[in-house]
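The values are calculated or read from the model by the stated rules, or taken from the named source; none is laboratory data. Since we're looking at a predicted model, the values are computed, not measured. When we count neighbours, we look across all protein chains shown, and the Cβ atoms used for this are built from the backbone with ideal geometry, even at glycine.
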Number of protein chains: 2
Amino acid sequence: MKIKILTAITLAAGGFVALAQTNQPADDWKPAPSNQPGQQYPQVNSEGRVRARIRAPQAQIVQLDISGVKFPMTRDTNGFWIGDSTPQDQGNHYYGLAVDGAEVPDPSGSFIWGSGAWRSDVEIPASDQDFYALKNVPHGQVREVHYFGKTSNADRRCFVYTPPDYDKHPGKRFPVLYLLHGYNENETGWSHQGRAGLIMDNLIAEGKVTPFIIVMENSAAPVGPGLAPRGAPPAGTPPRGGGRGLFDFSSFEHALIEDVIPFIDANFRTIADQQHRALAGLSMGGMQTRSISLKHLDTFSYIGIFSGGSIATNEVADMKAFKKKVKLVFVSYGSRELDPASRRGGRGPNSGDPKANVAALKAAGINCVFYVSPDTAHEWQSWRRSLHEFAPLLFKNH
Amino acid sequence: MKIKILTAITLAAGGFVALAQTNQPADDWKPAPSNQPGQQYPQVNSEGRVRARIRAPQAQIVQLDISGVKFPMTRDTNGFWIGDSTPQDQGNHYYGLAVDGAEVPDPSGSFIWGSGAWRSDVEIPASDQDFYALKNVPHGQVREVHYFGKTSNADRRCFVYTPPDYDKHPGKRFPVLYLLHGYNENETGWSHQGRAGLIMDNLIAEGKVTPFIIVMENSAAPVGPGLAPRGAPPAGTPPRGGGRGLFDFSSFEHALIEDVIPFIDANFRTIADQQHRALAGLSMGGMQTRSISLKHLDTFSYIGIFSGGSIATNEVADMKAFKKKVKLVFVSYGSRELDPASRRGGRGPNSGDPKANVAALKAAGINCVFYVSPDTAHEWQSWRRSLHEFAPLLFKNH
């Protein structure tokens, strides 16, 4: 049923065009788990549809807007407007309302930073949501950390996940994963909508990972001359080919190597060497990971690229050194990103076919993993799953 | 000038009624420091007015709403609506927009939890804002902590501020302040709009306080039979007199004493005794502080009540024991709360006149401080200042 509905959705350049649904929506609506406490709307049903509701007694046109696709809402006699979306993928989605042309957040939903703004957030329950659920297990901490970065000459902020036993064993030191967000996102994304802390808590409780620290910094990059801020692509979408729209990652590269890592090593109990340092990121953060790790093989030994390209063998200057230094190259995508009909491919420039690149690296003797998130696109559910698959592979045998 | 304008504002039951201003607003508008990155609106001017702007091309009526007071906005030829408020107090204010009757957040402002919802937030620059500014000083951390509370039988969340040298000296232990929010607020308030972490960082950098841990928990209390949730008073407003509308603090009292404090003492390097434990709160949190500390004199030695009542001598069962155990009773209000013409008094039931109560406790030999925040009401600027005055008085000579 779910699959049938999903195949009825055609992907078109610039967004989804939903075909008319002949079926009535399944009548099993429940308040979304992301709602503000006590709020009954938005609701979601078992098909992944979103039903929004707002009181707007004098309004003429009200619409639900999910990632730029608008769904009509209709007015009842009490001045409330209500309307449903087509089925959405499982997991987190940014959305908003349009009230007589004003694009505003939904006062009932919660808020997350995504696509360059604080936006309303609706969570579609997922079949595998247990891995990022809040459970009665020992929890790590997510720490908000301010510091001054000399290289960037700025007050910087990051969020640092420390595992549950970090404070219990003051003599113990931990490996570190530097985990980067996407374009138009910020340092809050991985712990808020990405659920990085809860994913780690649950993996640690199950004994599936070597506990490590996660550093979530702001890796916002200035855009290149071919990609003006106005009219920039939606959240997390990397720029595309042909020499235009390239991001310049050099300033963040300097900040990461010269400000962030030294600060973290000085202020957290890290194992401050290459073998115990990983770099990963989603979308633009995956492109940054690829670009920076290839230049700094003495700094990172684990590389994770989520929906952000891959590494071709011809990009590796010295395969022998690469093989010796790099313990893992992990490449992942949402399954819909790999669909040839989709324009939301999310592959970085020059990266080629990610599956073929992974196979070629494997053939060259590199430890590589290619992961595809089922039935998801260029969105957080792909990246939550990617972290969940990636984390258990890190820092083994050290 | 500022004073003249402010005295032209008459306080009426249920809200402000702004008298017509003959003067034109001062033309020195600047984007509010609380705006989302890059957003030019809302703006504020030197009189503390707020100027909001939103694109709503099909709308008929758009208004700016600050704490329930609506200000008209007018439409320009491009479909943008713009409008100014009357002068507001310095500091933080919750606000929203009404678009054809839909009460929505402003997509340009940032969001904070206040008055029972995520709301837009505008920051009016204050003459004394330096004490809560982000500066290049050593910073503590604000840690998001999840744990299971057996007494409350619930997953609990708190934010814990640890001072800058907490991780530098793993053998050192610290005193703790338990700092409570107001009615319809939550555990995020003190570190977000309250700026508790930055206030402490700056005080510590100036050598003005004994560094201590701050625990910010959710002290939401069920409302009593006389005060239904619908129609409840605005954010932070305590219920009023006469046996109706009383909060029941017993469930939070049990949670604090049996869940929160034992968890903190087991998981942070606290000095786990009465002499090194303080309890303070704002509005309802001040009432909780008063109620719980009087019952648990063996648990807390410092008491801070911000806009939430005071302690009368006849409420102290054993003044000799109280004098021995309690090192400080700190009571504070915004100056406008003490204005007899104001209905926003914010004094808890049975507390009487706070200044007289403080004087009586002083006469009984108790170390008491009464602080009045200049030109502020029942609002965060009063409470930021209260914390800033209170913190240096804690844990001296221990």
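Checked against (1) within 14 Å of another protein chain (Cβ to nearest Cβ); (2) within 20 Å of A:K30 (Cα to Cα); (3) β-branched (V, I, T), A:V104 passes all but condition (2).
Scanning the range B:108-136 for residues that are within 9 Å of chain A (Cβ to nearest Cβ), of a type in the set (A, V, I, L, M) and part of a loop (DSSP other than H, G, I, E, B) returns a single hit, B:L134.
Which condition from (1) touching a Pro at 6+ places or on another chain (Cβ under 9 Å); (2) not in a loop (DSSP other than H, G, I, E, B) is the one that B:P170 breaks? Evaluating B:P170 over (1) touching a Pro at 6+ places or on another chain (Cβ under 9 Å); (2) not in a loop (DSSP other than H, G, I, E, B) leaves (2) as the failure. Among the residues of the range A:46-57, those that are more than 13 Å from chain B (Cβ to nearest Cβ) and either closer than 17 Å to A:P107 by Cα or among the acidic types (D, E) (or both) comprise A:E47, A:V50, A:R51.
Among residues of the range A:177-188 that are free of Cβ contacts under 8 Å to residues at least 60 places away in the same chain, those with a Cβ under 8 angstrom from a residue that is aromatic (F, W, Y), sequence gap 6+ or separate chain, pair up as A:E187/A:F159. The one condition from (1) within 12 Å of chain B (Cβ to nearest Cβ); (2) at pLDDT 95 or above; (3) crowded, with 17+ Cβ neighbours inside 10 Å that A:G149 does not meet is (2).
Only one of the numbered conditions (1) under 24 Å from A:Q63 (Cβ atoms); (2) at pLDDT 95 or above; (3) of a type outside the set (K, R) is violated by B:E123, and that is (1).
Residue-by-condition table, conditions (1) touching a helix residue (DSSP H, G or I) at 6+ places or on another chain (Cβ under 8 Å); (2) among the polar types (S, T, N, Q):
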residue	(1), (2)
B:S108	no, yes
B:D128	yes, no
B:F131	yes, no
B:H139	yes, no
B:T151	yes, yes
B:D155	no, no
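Evaluate the following for A:Y147: is it on the phi < 0 side of the Ramachandran plot, outside any loop (DSSP other than H, G, I, E, B) and either of a type in the set (S, T, Y) or in contact with a Gly (Cβ under 8 Å, 6 or more places away or on another chain) (or both)? Judged against the criteria, A:Y147 is a match.
Screening B:P175, B:P170 for residues that are within 30 Å of A:R173 (Cβ to Cβ), surrounded by fewer than 23 Cβ atoms within 10 Å (Cβ to Cβ) and more than 13 Å from chain A (Cβ to nearest Cβ) leaves exactly one candidate, B:P175. Every condition in (1) under 30 Å from B:F148 (Cα atoms); (2) surrounded by fewer than 23 Cβ atoms within 10 Å (Cβ to Cβ); (3) at pLDDT below 95; (4) not aliphatic (A, V, I, L, M) holds for A:P107 except the one numbered (3). Number of residues in the range A:178-215 that are within 13 Å of chain B (Cβ to nearest Cβ) and surrounded by fewer than 19 Cβ atoms within 10 Å (Cβ to Cβ) equals 1. Tallying residues that are surrounded by 21 or more Cβ atoms within 10 Å (Cβ to Cβ) and more than 12 Å from B:L282 (Cα to Cα) within the range B:360-389 yields 6. Considering only residues that are in a loop (DSSP other than H, G, I, E, B) and surrounded by fewer than 18 Cβ atoms within 10 Å (Cβ to Cβ), look in the range B:152-163 and name the one that is modelled with the highest pLDDT. In this case the residue turns out to be B:N153. Only residues that are farther than 14 Å from A:Y41 by Cβ and either within 8 Å of chain B (Cβ to nearest Cβ) or among the hydroxyl-bearing types (S, T, Y) (or both) were counted across the range A:58-95, and they come to 10.
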